1. Using a simple charge model, +1 on the beta-carbon of Lys and Arg, -1 on the beta-carbon of Asp and Glu, nothing else, what dipole does the chain show about its Cα centre, in debye to the nearest 20?
2. Show the residues, 5+ positions off or on another chain, whose built amide H is closer than 5 Å to the amide H of Trp346.
3. Over the chain, what is the mean sequence separation of C-alpha contacts under 8 Å (at least six apart), divided by residue count, expressed as relative contact order in percent?
4. Which pairs, out of Lys310/Lys505; Lys208/Lys505; Lys167/Lys523; Lys86/Lys158; Lys310/Lys523; Lys158/Lys317, put more than 29 Å between their alpha-carbon atoms?
5. Taking the 0 to 90 degree range and rounding to the nearest ten, how far is the long axis of helix 314-326 tilted relative to the main principal axis of the chain, both from C-alpha atoms?
6. Taking only Cα atoms, what is the 0 to 90° angle, nearest 10, from helix 414-427's long axis to the longest principal axis of the chain?
7. Using the Kirkwood formula on the Cα atoms of segment 338-495, what hydrodynamic radius do you get, in angstrom to one decimal?
8. If you split all Cα-Cα distances of segment 408-519 into 5 Å bins from zero, what percentages do you get per bin, shortest first?
Amino acid sequence: MSRTRTALLAALALVAGASGTALAVAPGDAGIAAVPCTVDYKVQNQWDTGFTAAVTITNNTTAKSSWSLKWAYAGNQKVTSGWNAKISQSGTAVTAANESYNGTLATGGSVSFGFQGTYSGTNAVPATFTLDGVTCNVDGGTDPTDPTDPTDPGGGTKVDNPYAGAKVYVNPEWSANAAAEPGGSRIANQPTGVWLDRIAAINGTGGKMGLRAHLDEALKQKGSGELVVQLVIYDLPGRDCSALASNGELGPTEIDKYKTQYIDPIAAILADPKYASLRIVNTVELDSLPNLVTNVTPRATATANCDTMKANGNYVKGVGYALNKLGDAANVYNYVDAGHHGWLGWDDNFSATVQTIKQAATAEGATVNDVQGFITNTANYSALKEQNFTINDSVNGKSVRESKWVDWNRYVDELSYAQAFRQEAVNQGFPAGVGMLIDTSRNGWGGTARPTGPGATTDVDTYVNGGRIDRRIHVGNWCNQSGAGLGERPQASPAAGIDAYVWIKPPGESDGSSSAIPNDEGKGFDRMCDPTYTGNPRNNNNMSGALPNAPLSGHWFSAQFQQLMQNAYPAL
């Protein structure tokens, strides 16, 4: 219960006692007089002329089959678009009514919706809300004009881009590994992601730093400016149902364990006021939701494990729970995994993936406002920008899309894919302010194999293969790719719609072992990490392109690190 709601309930109880008015008792607050409803109105993102807001209504009286919430603005705010409610405005008065699918509001139940608006001057939270004509109290709203507002536990609103004007945390453990390599000191000061890939990682295991240790170190690095800490939330039940190298510790049905032993402890640490001055970026459950689109029956790429996870709903529930629990604090920013262009760029994958992510972003109490944005190419190798051809090129009457490499994809690189993915997300109801991250840790493809210009125009395949920067055997190859190089260095706001280029996958940490290695980390052996493997339907039965002698995923791989530096683009 927030401080605001506690105080208001106490005050209202005194008023009720003085006037003789009887008020319903809220579920879970036995013996405490409560208002009929509470409204949690939060400004999630705000920029010079606009903002997005999330609203949650909790009903403390008789169950409803429909609802209508009203409020009035004191300023000149105008609602321009909304989601999960039918929103209309006349002058300063706003009405939000249920959609056909969310009209039911049980006693003690809640419903959430969101919207985007414009304003000038101040953007104060409305003072009064009524639900079906009955006045509610506000539960923990945020007044962005007052950084000391006691109704805002985070002390302010989320910024539009957490990377803007901020340094980014350098993981001292990764930095030490990099610096110990010949030539590694050239990049040892780069920021990388901290992977919380099992429950034990929260408190630290095997001599490694736990989450609190990293956040304490981040406070030291912060100084007087802003600092971003990048965390990877990665321990879903039945994790990575299509690849064995990154299988996790939790079985397909262990959703309650995921919630109580993994997400809840992380959320409790992130909510510690000690860390309120840090900007914490969570990249949420890599590879999970796209698998529910591409690797399930009746696709040729289907796996039994992915069919199981789609049927039991635990990927959707887990991601929704994580977004809800982790996204409440004003200093925490959630970016959901959006695969990469070589996985999801086809027509039958692209829009369906956004739909699946939205399903998760509105599950388990989450709303689309718990999503700051999306991340592409995490731990992958797709080129940031193909310089020598575009999707619109043709050779001898054949489109680039008809080449074996592009294979009818709509995109040829990550930048065009990420920008299009962002627009599709907005089209499907995510806030207009959402941003994109692109992992550029291993997609540089420099070195002697990098083409210096377009391929010959003999035919479309020669043209594409001769000019493509991405030198993988097949765009579906993902494990410890031979010939890869470091990509663009981490930087904020590098292109339209892109919040940052990031190194979420720490360069030099293996994608998976080249052969089976017994371990207690829940990590299996995937043949896609075996350089002798001849492939499967997901890479069109091509060779894997993997480096030999690789250790378990997440373990240090010196040979790969050296190759990444050698082939860096821009060069070191």
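1. With only Lys, Arg, Asp and Glu charged at Cβ, the dipole is about 280 debye.
2. Under 5 Å from the amide H of Trp346: Arg410.
3. That works out to 11 percent.
4. Beyond 29 Å: Lys167/Lys523.
5. Taking the Cα atoms of the chain, the angle to 314-326 is about 60 degrees.
6. 20 degrees
7. Hydrodynamic radius (Kirkwood, Cα only) of segment 338-495 equals 16.5 Å.
8. Percent of Cα pairs in each bin: 2, 10, 15, 18, 18, 16, 11, 7, 3, 0, 0.
The values are calculated or read from the model by the stated rules, or taken from the named source; none is laboratory data. Quick caveat: nothing in here was measured; it's all calculated off a predicted structure. Quick reminder, even Gly has a Cβ in these numbers, built from the backbone with ideal geometry, and neighbours come from all protein chains shown. The area values use the complete protein model at the heavy-atom level, side chains included, leaving out ligands, DNA and RNA. Shrake-Rupley method; radii C 1.70, N 1.55, O 1.52, S 1.80 Å.
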